[in-house]
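Visitor: Mind looking over this structure? Questions follow.
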Amino acid sequence: QVQLVESGGGLVQTGGSLRLSCAASGRTFSSYMGWFRQAPGKEREFVAAIPWNGGAVYYADSVQGRFTISRDNAKNTVYLQMNTLKPEDTAVYFCAAALNPANVRLQPYYDYWGQGTQVTVSS
């Protein structure tokens with residue numbers, strides 16, 4: 001079983017930055033960690049993914065160059081550094097853990113999900 005707890009959301013102005021954290025317990029059973037987001041009235045979408053033990057990191061085109069996903073294995077924590085935020089980044093952000101994903105961009109491959117943290121970017 002993997003439990004995920006997100007933190008770090010909040011209200012920020014356009015162009016500002018936030019860092020989200022996702023603390024995981026039991027992460028040794030998962031291989032990849034991902035961030036997804038769901039804006040009001042929209043479907044949840046992929047943001048970024050990172051493996052616990054080296055390998056490729058993935059980003060959605062909409063955040064490439066602005067967001068950075070990272071991990072601290074000692075703390076069992078994954079981060080999402082979000083810079084140059086835009087109003088369209090406003091969403092609830094979820095972290096998720098995948099045991100053995102065939103495609104890290106797709107939600108069905110994730111086995112555990114956090115409760116989400118709200119990010120609001122004001123214009």
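Visitor: Which of the residues that make up segment 72-109 are within 12 Å of the chain's Cα centre (by Cα) and closer than 16 Å to A23 by Cα?
Guide: Once the filter is applied, which keeps residues that are within 12 Å of the chain's Cα centre (by Cα) and closer than 16 Å to A23 by Cα, segment 72-109 yields T77, V78, Y79, L80, Q81, Y93, F94, C95, A96, A97.
Visitor: List the pairs whose first member sits in segment 75-88 and is on the phi > 0 side of the Ramachandran plot and among the β-branched types (V, I, T), whose second member is outside any helix (DSSP H, G or I) and surrounded by fewer than 22 Cβ atoms within 10 Å (Cβ to Cβ), and whose Cβ atoms are under 8 Å apart, counting only residues at least 6 apart or on separate chains?
Guide: Within 8 Å, the pairs are T84/G15; T84/S17; T84/R66.
Visitor: From the residues in segment 105-114 that are open to solvent by 60 Å² or more (accessible area, probe 1.4 Å) and either in contact with a Lys or Arg (Cβ under 8 Å, 6 or more places away or on another chain) or charged (D, E, K, R) (or both), which one is modelled with the lowest pLDDT? Step through it out loud before you land on a result.
Guide: Applying the first criterion (open to solvent by 60 Å² or more (accessible area, probe 1.4 Å)) to segment 105-114 yields 105-106, 108-109, 111, 113.
Pick out the ones that are also either in contact with a Lys or Arg (Cβ under 8 Å, 6 or more places away or on another chain) or charged (D, E, K, R) (or both) and you get 105, 111.
Values: R105: 96, D111: 93.
Taking the candidates together, the pick is D111.
Visitor: If L85 satisfies every condition in (1) surrounded by fewer than 21 Cβ atoms within 10 Å (Cβ to Cβ); (2) farther than 21 Å from V5 by Cβ but one, which is the exception?
Guide: Answer for L85: the failing condition is (1).
Visitor: Would it be correct to say that T117 is in contact with an Asp or Glu (Cβ under 6 Å, 6 or more places away or on another chain), surrounded by 18 or more Cβ atoms within 10 Å (Cβ to Cβ) and in contact (Cβ under 8 Å) with a residue 12 or more places away in the chain? Before the answer, list the steps.
Guide: Details: in contact with an Asp or Glu (Cβ under 6 Å, 6 or more places away or on another chain): yes; surrounded by 18 or more Cβ atoms within 10 Å (Cβ to Cβ): yes; in contact (Cβ under 8 Å) with a residue 12 or more places away in the chain: yes.
Yes: the conditions hold for T117.
Visitor: Pull up segment 34-71, narrow it to residues that are of a type in the set (V, I, T) and open to solvent by less than 50 Å² (accessible area, probe 1.4 Å), then point me to the one that is nearest to V2 (Cα to Cα). Break it down into steps so the answer makes sense when it comes.
Guide: Of all residues in segment 34-71, those of a type in the set (V, I, T) come to 47, 50, 57, 63, 68-69.
Subsequent filtering for residues that are open to solvent by less than 50 Å² (accessible area, probe 1.4 Å) retains 47, 50, 63, 69.
Values: V47: 20, I50: 16, V63: 27, I69: 19 Å.
In this case the residue turns out to be I50.
Visitor: Just one of (1) among the hydrophobic types (A, V, I, L, M, F, W, C); (2) open to solvent by less than 20 Å² (accessible area, probe 1.4 Å); (3) not in a strand (DSSP E or B) trips up A97, so point out which.
Guide: (3)
Visitor: Would you mention how many residues in segment 3-19 are open to solvent by less than 40 Å² (accessible area, probe 1.4 Å) and in contact with a Cys (Cβ under 8 Å, 6 or more places away or on another chain)? Write out each step before concluding.
Guide: If we filter segment 3-19 for residues that are open to solvent by less than 40 Å² (accessible area, probe 1.4 Å), which is where we start, we get 4, 6, 8-10, 12, 16, 18.
Checking the rest, the ones that are also in contact with a Cys (Cβ under 8 Å, 6 or more places away or on another chain) come to 4, 6.
Qualifying residue count for the region: 2.
Visitor: Which condition number does A102 fail, the rest of (1) part of a strand (DSSP E or B); (2) exposed (fewer than 13 other Cβ atoms within 10 Å of the Cβ); (3) among the hydrophobic types (A, V, I, L, M, F, W, C) being met?
Guide: (1)
The values are calculated or read from the model by the stated rules, or taken from the named source; none is laboratory data. From a predicted model like this one, the values you see are computed outputs, not experimental measurements. In this analysis, Cβ positions are derived from the backbone assuming ideal geometry, glycine residues included, and neighbour counts consider all displayed protein chains. Accessible surface areas use protein heavy atoms only, side chains included; no ligands, DNA or RNA. Shrake-Rupley method; radii C 1.70, N 1.55, O 1.52, S 1.80 Å.
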